[in-house]
Amino acid sequence: MTTTSTGLPAADVAVVRELAAKVAELAALPVQQETIRLWEKHNGLRPERPMVMIDEIPWHEMNVDDELTVRSSDPFCRDLETTLRRELYRWNHMRVDMVVEPYVDIRKVIDRPGWGIRIAEDTIAQDGGVVQSHHYADQLATPEDVEKLRVLEPSLDVERTAQREAWGHECLDGLLEVRMQGLTGFNGDDLAFALWDDIEQFRGTEPILLDFMDRPEHLHAIADRLTAVRLAELDILEENGLLGYGNDRIHCTGAQTTELPKDGFDPARPRPIDTWTVGRSQLFVSVGDATFDEFVPPYYARWYERFGLGYFGCCDPLHNRIDAVRRIPNVRKVSISAWAKVQKAAEAIGPDFVYSRKPNPAMVAMDEWKPEIAEKDFADVLEATRANGCPVEFTLKDISTCRSDPRRLWEWADIATRIVRG
C-alpha cells in the first residue's frame, strides 16, 4: 500500500481530495455569501425572511445511489470523507438555508476528565439508529455525595492534535482551509449548559422530582456546586486556549452574526464572549412554572453572562416561561418545540428573540408521508409570528427515522423553500 508523507494511504487521500474539491467549488458560489448575509440579518433580529435548516438526520437511512458510501479505509480519512459526503448530499437534496463553508473544522484532542463522577446507567439502543433509552443510578443522593463534584483539569494532547492537523493539511491543502478547533457550542455538545439534564444523568428523574417537593435545598446545593464546577472548568479551557471559535451553527440553526467575535479576539485563545452557547432544562416539562423560575434562571444566568450570544431550550415547551427566560442574559434564540403553543409563544416572544420553531419530526416517520401536515405547520407558525413581529426560523431535527424514505426529507425541504421564499 502506498502512503503519503504523513502515513495516510495515498488512495484514501485521493478520495478525500476529490470530494473536497467539489465542496470547495460550492463554497465559492456567490449564493453562500448571500445566505450568510441573510443569517446575519436574522440573528441580529432584523430578518428579511424566515430561515430554514435540517439537521440530526438518520444518515443510516439516507444512502441513495451510493452517494454516502465511504470508500477509504483509514479512520481519519473515513471520518473526513463522511463529513464531505454528507455536506454534498445535503446540498444536493435538502439545501434549504445551509451554507457551504470554505473550511473544515478538525477537533483538537482534548482530554476532558469530567466533573468528579461518571454517569452510571443501563441503556437500550435502537437498531442502526442514534436513539437510546437510559436508566440512571442516583449518585447524588446525600449532601456528602455533592462534595464529589469537583473540577478535573482538561488538557490538550499535543502530539495527537499535531498528528490530526498534519493529516488535515495532507488531505485538504489547496482546496479547503483546515481550522483546528477546541470546544464549541456547535450543537451544544461541548459548551452546552444543560445543568439539569446533567444532574438527571447523575441521579435519574424520579429522585429529582421527589426532591422538588421534599428536599429543594438539596437540589439547590447540587445546582450551585455543579454550576461552580462548570464555570471553573470554563476558566481553565479559556486560559489554555482550548475553546473553539467561529460558530456557523448553534443547536442545528445558522449562527452567522456580525456581533461575534468581540473586540480583542485572538483565534489562538478564544474567549467565551467570542462565541455562542446553548442551554436546556428539559426535565422541567414535568413541573410547574414557579419551580422552573426558581431553579433555572439563577444558575443559567451565571453561565450565559460569560458568552457573547446564546440559544435556550430544546424539546420542552417554553411558551409559558418566556418571562423567566428573559432573566438569562445574552439569549438570542428561544426553542419553540412541537409541544409548545404556537400563538402563545409568539405573543410572549414578539421581536425580542428569534422564534426557533422545531416542527414535529414524527411527520416524516408515519406510515404514510403527508405533505399537508408540513404545510399546515408552516402556515400556523407564520400566521402567529407575523402578527407578533417575531423573527422566525424552522429547524427539522431529532429525526430518528424517515422510514427509509429519504425523499420525505427532500420534499419537506422543497416545501419549506417554496413557502419562506414566497
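Overview of values
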read-out: Output for segment 1-20, where each listed residue is in a loop (DSSP other than H, G, I, E, B) and either closer than 28 Å to GLY350 by Cα or open to solvent by 70 Å² or more (accessible area, probe 1.4 Å) (or both); value: MET1, THR2, SER5
read-out: Members of segment 339-354 that are among the small types (Gly, Ala, Ser) and either surrounded by 22 or more Cβ atoms within 10 Å (Cβ to Cβ) or free of Cβ contacts under 8 Å to residues at least 40 places away in the same chain (or both); value: ALA340, ALA345, ALA346, ALA348
read-out: Test result for ALA192, small (Gly, Ala, Ser) and modelled with pLDDT of 95 or more; value: no
read-out: Filtered residues of segment 132-148 (kept if part of a loop (DSSP other than H, G, I, E, B) and open to solvent by 70 Å² or more (accessible area, probe 1.4 Å)); value: GLU147, LYS148
read-out: Long-range neighbours under 9 Å by Cβ, at least six apart or interchain, first residue open to solvent by 10 Å² or more (accessible area, probe 1.4 Å) within segment 371-396, second among the acidic types (Asp, Glu); value: PRO371/GLU411; ALA387/GLU347; ASN388/GLU347; CYS390/ASP352
read-out: Qualifying residue in segment 45-65 (condition: farther than 20 Å from TRP412 by Cβ, outside any loop (DSSP other than H, G, I, E, B) and open to solvent by 10 Å² or more (accessible area, probe 1.4 Å)); value: no
read-out: Verdict on ILE336 being over 16 Å from the mean Cα position of the chain (by Cα) and without any contact (Cβ under 8 Å) to a residue 60 or more places away in the chain; value: no
read-out: Residue in segment 29-39 that is over 30 Å from GLU393 (Cα atoms), among the hydrophobic types (A, V, I, L, M, F, W, C) and assigned to a loop (DSSP other than H, G, I, E, B) present; value: no
read-out: Any chance VAL104 is at pLDDT 95 or above and surrounded by 18 or more Cβ atoms within 10 Å (Cβ to Cβ); value: yes
read-out: Filtered residues of segment 252-271 (kept if closer than 17 Å to ASN240 by Cα, open to solvent by 20 Å² or more (accessible area, probe 1.4 Å) and in contact (Cβ under 8 Å) with a residue 12 or more places away in the chain); value: PHE265, PRO267, ALA268, ARG269, ARG271
read-out: Candidates GLU153, GLU165, GLU87, GLU81 - the one that is part of a helix (DSSP H, G or I), among the acidic types (Asp, Glu), open to solvent by 20 Å² or more (accessible area, probe 1.4 Å) and over 24 Å from THR395 (Cβ atoms); value: GLU165
read-out: Restricting segment 21-37 to residues that are among the β-branched types (Val, Ile, Thr) and within 23 Å of PRO47 (Cα to Cα), the residue that is most open to solvent (accessible area, probe 1.4 Å); value: VAL31
read-out: Exclusive hit being surrounded by 20 or more Cβ atoms within 10 Å (Cβ to Cβ) and touching a Lys or Arg at 6+ places or on another chain (Cβ under 9 Å), set LEU226, LEU237, LEU231, LEU219; value: LEU237
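The values are calculated or read from the model by the stated rules, or taken from the named source; none is laboratory data. Quick caveat: nothing in here was measured; it's all calculated off a predicted structure. Neighbour counts run over all protein chains shown; Cβ positions are idealised from the backbone, glycine included. Heads up: the accessible areas ignore ligands, DNA and RNA and are worked out on the full protein's heavy atoms, side chains in. Shrake-Rupley method; radii C 1.70, N 1.55, O 1.52, S 1.80 Å.
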